[in-house]
Protein chains: 2
Amino acid sequence: MSRWEPGARGRLGSAALELFTEQGYERTTVAEIAARAGVTERTFFRYFADKREVLFAGGHELEELLVGLVAGAPDSAAPLDAIAGALEQAAAEVFDERQFFARQRQSVINSSPDLRERELLKLAALTAALAEALRGRGTAEPSASLAAESGVAVFKTAFARWVAEGETRSLGELITATFADLKALVAVA
Amino acid sequence: MSRWEPGARGRLGSAALELFTEQGYERTTVAEIAARAGVTERTFFRYFADKREVLFAGGHELEELLVGLVAGAPDSAAPLDAIAGALEQAAAEVFDERQFFARQRQSVINSSPDLRERELLKLAALTAALAEALRGRGTAEPSASLAAESGVAVFKTAFARWVAEGETRSLGELITATFADLKALVAVA
């Protein structure tokens, strides 16, 4: 048997979300997640440090993807356009096929102060990485930090709209719409 | 002797910051803070739940002040103007005489992941409270949340500038300047 079981990571993710939703995050153990996914606990720990990491494991890839997209934006792109373009492309590549998963995940996170804290930390790390990427393409401070903070504010707002019941637009469309909302808010201020 | 000792709260705050700065946050005990302030540990616990709360005790008053200022903004004020006006007034009332304290406090917070997490949680709670205050004066969603997020992004950026070594402008001036930076970023996007 190979050390990495094909599909195990995805099955563990689905099993964890099912169990967190059915019986609560706190009450779910790694042993239960592994059993539901049909793998051993040892296999679980090949992919995730603990049960919390099942919910946040994608954050690092997302950060790398966004940083790469910001770094690769045309020289002519304004800082907020570089951020908006990166978020829209990441939405199309990563999120838009996973709305059901994202809704379940958000509902689990909202159920636990510990998980909400972890999410805030991940978003703060993402903000710092985006500011660094903007500085790398020549944006000075404080504009780089402010553009990164504003971009993440747009992303958070668009994401909250996207996971709300009944929303039918894609995350990419909501990011575009929320950047337009920011422009409108600033235009009247 | 009265149950509330005059000045004890302020002395405890100064003593805690001194000790955190001298010997580190983790290594400082409540007993040491109380001794440095010339009060008993029991007196410490009349004012603060634990040593971490010495650093965050002002957050609730700040939130109440800002929410009151947003709610009391003129009906004609645009959402971001209501937020900007509240932040500028709070800066003048609360922060501008306390730059030395704020710098020391920030340096302690930056030294500890636990404290940074706590600060992110407080800022998230402040953002939610400001969005609620905007909804209370008629701003619809998602504009209310987006204006609150953007306003807190401006505040974080201005605050980081204000506590940086060598900065001589007041926090209020930096908030005004950072809102102008946001307008400039959005105008070219």
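Bear in mind that the values in this text are calculations on the coordinates, not laboratory data. Fair warning: this is a prediction, and the values are worked out from it, not measured in the lab. Glycine also receives a Cβ, built like all others from the backbone with ideal geometry; neighbour counts cover every protein chain displayed.
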The size of the Cβ-based charge dipole (Lys, Arg +1; Asp, Glu -1) of the protein assembly as shown about the Cα centre, to the nearest 20 debye, is 740
Here the FRET efficiency for A:Phe100 versus A:Glu61, based on Cβ atoms and R0 = 25 Å and rounded to 0.05, is 0.80
Output row for A:Leu65: copy-to-copy label distances, label 7 Å along Cα→C-beta, ascending, in nanometres, one decimal, is 4.2
at A:Gly166 the sorted inter-copy label distances (label 7 Å from Cα on Cβ side), in nanometres, are 5.4
Cα-based Rg/(2.2 N^0.38 Å) for segment B:8-53, rounded to two decimals, is 0.96
A student asked for the Cα radius of gyration and Dmax of the protein assembly as shown in angstrom ought to give 22.8, 75
Cα extents of segment B:57-188 along the principal axes, largest first, in whole Å, come to 40, 30, 28
Helix A:58-71: inclination vs chain A longest Cα principal axis, degrees, rounded to 10, gives 20
In the protein assembly as shown, lysine pairs 8 or more places apart or on different chains with C-alpha atoms under 23 Å apart total 13
Taking alpha-carbon centroids only, segment B:1-72 lies from segment A:47-119 a number of Å equal to 37
Scalar couplings 3J(HN,Hα) for segment A:172-189 by Karplus 6.51 cos²θ - 1.76 cosθ + 1.60 (θ = phi - 60°), nearest whole Hz, x for Gly and Pro, are x, 4, 6, 5, 4, 5, 6, 4, 5, 4, 4, 4, 5, 4, 6, 5, 8, 7
